[in-house]
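Structure first, then comments.
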Amino acid sequence: MWLSSVQRCQATDTGQRSAGRRRRRRTKVFIEMVNVVAAGAAAKVGLRAASKMKYIAVTILGRDTEGILARAIDSVLRGGSHIADIQQSVVHGILSLFILTEGEGSAGPFRDRMISALSGFNLSVDVHETEEYVTDSFSEKFVITMIGKRSDEMLRVFAVTAASLGINNIRINMLSRGDLSAMQFVVDLDGCPPEKARKDIESAMSGLEVDVIFEQESTFRMGKKLIVFDMDSTLVSNETIDELAEIAGIGEDVSRITERAMNGEIDYIQSIRERVRLLKGIPASVLDEMKSSLTLNPGARELISSLRSMKYRIALVSGGFTEFTDKMKEELGLDYAFGNRLEVKNNHLTGNLEEPILDACGKQRIIEEVMMAEGISSKEVVVVGDGANDTVMVKNAGLGIAFRGKDVLRKVADGTLSKSDLRSILYCLGHYGD
């Protein structure tokens, strides 16, 4: 049967209204279902809020004895509890054991069972309920190494300064005691800017003659693999170019340029070219004489021997001359040695250097090549220097140390060693002394 256009419109309108009512019914049902689910979820959340998960914390202190840990864990598990966290340390034979458990309703039976299990060990046992499971902070942590002669005063001044800055001390390790004390503090700065923390701590320690190294905590901190040294006034006490100039009778002129270069007052390449130019005509035999006068800085030989025994790779990267860096490599058993090459003709210095010249950026390029050869990253590198020509490699190292350094280098280094000898670098690496 054919419908008129009016009838068709009416039928369409009726169908649309029916479809709309069906959609609204489905929507209403869906909303009611959502409300039911939401109400159920809210009820569960409310139930959890009303009855938070309870933990039982156990702290055990006393003389460390074999079998304590096994008894404590057995006591926890026999009650049907689950170990949520556990921490243990032994210092000077004293055990500190912390266990956080969950799953057991009341601390009373737990306490009785634990005390009974440990009754033969003469321990202090604390058991209490807690609703908090405090995990380690994810905020940025730093390691502060301090080396000086007055450990009691170091501790007192640090504690007062840390409190004034709002710094939370997490752990203290005494690495060495005696005439020279070394301590490491692992701290959570808790919002204090690192620059301010370092400046205030260094300032507070300045009157105690304490060396301070301020290093960010990371997975690489105890995993350093390559140690890089500058040579002049760092590994050796000599400034070799100045001593060559003394032999040539132009020592004062060269020393003035050296001092300005070390302080970063003039461009290094310009300064070394000027100084080498003044050496023109010196017999090459003088270089051999100079080799015998090279004097290691205090602690250098012992430090290198220790580093080698611990399988560190060791490099000498210097703006000094290869005649002397090669001598140090052979004498100390270094893995790498790099320096600038003096041009020699007819057994005399020409007053020129062979290209390329190792300036601050050149030294960094050398280190990057060594890193590539060793398959390591910059975070696994320690650099020790003293002057402006070391700023780039010290700044880019995982740990950069200014050894009796100029102000220009101290500004970019992680810390300065000036009150102690080179052996203190071992403390900065976290190694214990005798």
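The values are calculated or read from the model by the stated rules, or taken from the named source; none is laboratory data. Bear in mind the structure is a predicted one, so any value in this text is a computation, not a measurement. Reconstructed Cβ throughout: ideal geometry from the backbone, glycine too, with neighbour counts over all protein chains shown.
Any chance segment 168-189 includes a residue that's of a type outside the set (Asp, Glu), within 24 Å of the chain's Cα centre (by Cα) and farther than 30 Å from Gly62 by Cβ?
Of segment 168-189, the ones of a type outside the set (Asp, Glu) are 168-178, 180-187, 189.
Pick out the ones that are also within 24 Å of the chain's Cα centre (by Cα) and you get 168-177, 180-187, 189.
So of that shortlist, the ones also farther than 30 Å from Gly62 by Cβ come out as 180, 189.
Yes, because at least one residue in segment 168-189 is of a type outside the set (Asp, Glu), within 24 Å of the chain's Cα centre (by Cα) and farther than 30 Å from Gly62 by Cβ.
For every residue, the table says whether it meets (1) among the hydrophobic types (A, V, I, L, M, F, W, C); (2) in contact (Cβ under 8 Å) with a residue 12 or more places away in the chain.
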{"residue": "Lys141", "(1), (2)": "no, yes"}
{"residue": "Asn169", "(1), (2)": "no, yes"}
{"residue": "Met174", "(1), (2)": "yes, yes"}
{"residue": "Pro194", "(1), (2)": "no, yes"}
{"residue": "Lys199", "(1), (2)": "no, no"}
{"residue": "Met205", "(1), (2)": "yes, yes"}
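Within the group Asn389, Asn346, which residue is on the phi > 0 side of the Ramachandran plot, of a type outside the set (A, V, I, L, M, F, W, C) and modelled with pLDDT under 95?
Numbers: Asn389 fails: on the phi > 0 side of the Ramachandran plot.
Criteria check complete, one pass: Asn346.
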Would you check which residues across segment 303-326 are within 22 Å of Leu287 (Cα to Cα), touching a helix residue (DSSP H, G or I) at 6+ places or on another chain (Cβ under 7 Å) and not hydrophobic (A, V, I, L, M, F, W, C) and list them? Ser318, Gly319, Gly320, Glu323
Being out of contact with any helix residue (DSSP H, G or I) (no Cβ under 7 Å at 6 or more places or on another chain) and either assigned by TED's automatic domain parsing to the domain that holds Ile201 or acidic (Asp, Glu) (or both) is the filter here, so list the residues in segment 364-420 that pass it. Glu368, Glu369, Glu374, Glu380, Asp407, Asp414
Looking at segment 105-116, I want the residues that are at pLDDT below 90 and have a partner that is assigned to a loop (DSSP other than H, G, I, E, B) with Cβ atoms under 8 Å, at least 6 apart or on another chain. Which pairs are those? Gly105/Lys54; Pro109/Gly79; Phe110/Gly79; Phe110/Ser81; Phe110/Glu104
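Give the residue, chosen from Val186, Val228, that is under 18 Å from Arg423 (Cα atoms), in a strand (DSSP E or B) and not hydroxyl-bearing (Ser, Thr, Tyr). Working first, answer last.
Values: Val186 fails: under 18 Å from Arg423 (Cα atoms).
Exactly one of Val186, Val228 is under 18 Å from Arg423 (Cα atoms), in a strand (DSSP E or B) and not hydroxyl-bearing (Ser, Thr, Tyr), namely Val228.
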Every listed condition ((1) under 19 Å from Phe324 (Cα atoms); (2) outside any helix (DSSP H, G or I)) holds for Arg275 save (2)
Filtering segment 231-280 for residues that are over 24 Å from Arg301 (Cα atoms) and acidic (Asp, Glu) leaves a count of 7
Would you point out which residue out of Ile147, Ile94 is under 37 Å from the mean Cα position of the chain (by Cα), assigned by TED's automatic domain parsing to the domain that holds Ala182 and modelled with pLDDT of 85 or more? Ile147
If Asn389 satisfies all but one of (1) over 13 Å from Phe229 (Cα atoms); (2) touching a strand residue (DSSP E or B) at 6+ places or on another chain (Cβ under 6 Å); (3) buried (at least 16 other Cβ atoms within 10 Å of the Cβ), what's the number of the condition it fails? (1)
Starting from segment 209-230, keep only residues that are within 21 Å of Ala197 (Cβ to Cβ), then list their pairs with residues that are part of a loop (DSSP other than H, G, I, E, B) and basic (Lys, Arg) whose Cβ atoms are within a distance under 9 Å, requiring at least 6 positions of separation or different chains. Glu209/Lys149; Glu209/Arg150; Glu209/Lys419; Val210/Lys149; Val210/Arg150; Val210/Lys419; Asp211/Lys419; Glu215/Arg221
Checked against (1) surrounded by fewer than 20 Cβ atoms within 10 Å (Cβ to Cβ); (2) farther than 26 Å from Tyr268 by Cβ, Leu307 satisfies every condition except (1)
Give the residues of segment 351-388 that are within 18 Å of Gln270 (Cβ to Cβ) and either under 24 Å from the mean Cα position of the chain (by Cα) or in contact (Cβ under 8 Å) with a residue 60 or more places away in the chain (or both), sorted by residue number. Gly351, Asn352, Leu353, Ile357, Asp359, Ala360, Cys361, Lys363, Gly387, Ala388
Does Asp326 count as over 12 Å from Phe229 (Cβ atoms), without any contact (Cβ under 8 Å) to a residue 60 or more places away in the chain and assigned by TED's automatic domain parsing to the domain that holds Met262? yes
Select from segment 345-374 the residues that are touching a Gly at 6+ places or on another chain (Cβ under 9 Å) and closer than 13 Å to Asn389 by Cβ and write down the one among them that is surrounded by the fewest Cβ atoms within 10 Å (Cβ to Cβ). Ile357
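Every residue in segment 396-434 that is part of a strand (DSSP E or B) and either among the aromatic types (Phe, Trp, Tyr) or free of Cβ contacts under 8 Å to residues at least 12 places away in the same chain (or both), please. Spell out how you get there, then give the answer.
Step one: of segment 396-434, the residues part of a strand (DSSP E or B) are 399-403, 415-417.
Hit for segment 396-434 is Phe403, nothing else.
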Note on Pro298: of the conditions (1) touching a residue at least 24 places away in the same chain (Cβ under 8 Å); (2) crowded, with 16+ Cβ neighbours inside 10 Å; (3) not in a helix (DSSP H, G or I), unmet is (2)
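Can you tell me which residue in segment 231-266 is farthest from the chain's Cα centre (by Cα), limited to those that are of a type in the set (Ser, Thr, Tyr) and part of a helix (DSSP H, G or I)? Spell out how you get there, then give the answer.
Pass one, segment 231-266, residues of a type in the set (Ser, Thr, Tyr): 233-234, 237, 240, 255, 258.
When the remaining residues are screened for being part of a helix (DSSP H, G or I), the result is 240, 255, 258.
Working: Thr240: 33, Ser255: 37, Thr258: 33 Å.
Checked segment 231-266; the qualifying residue farthest from the chain's Cα centre (by Cα) is Ser255.
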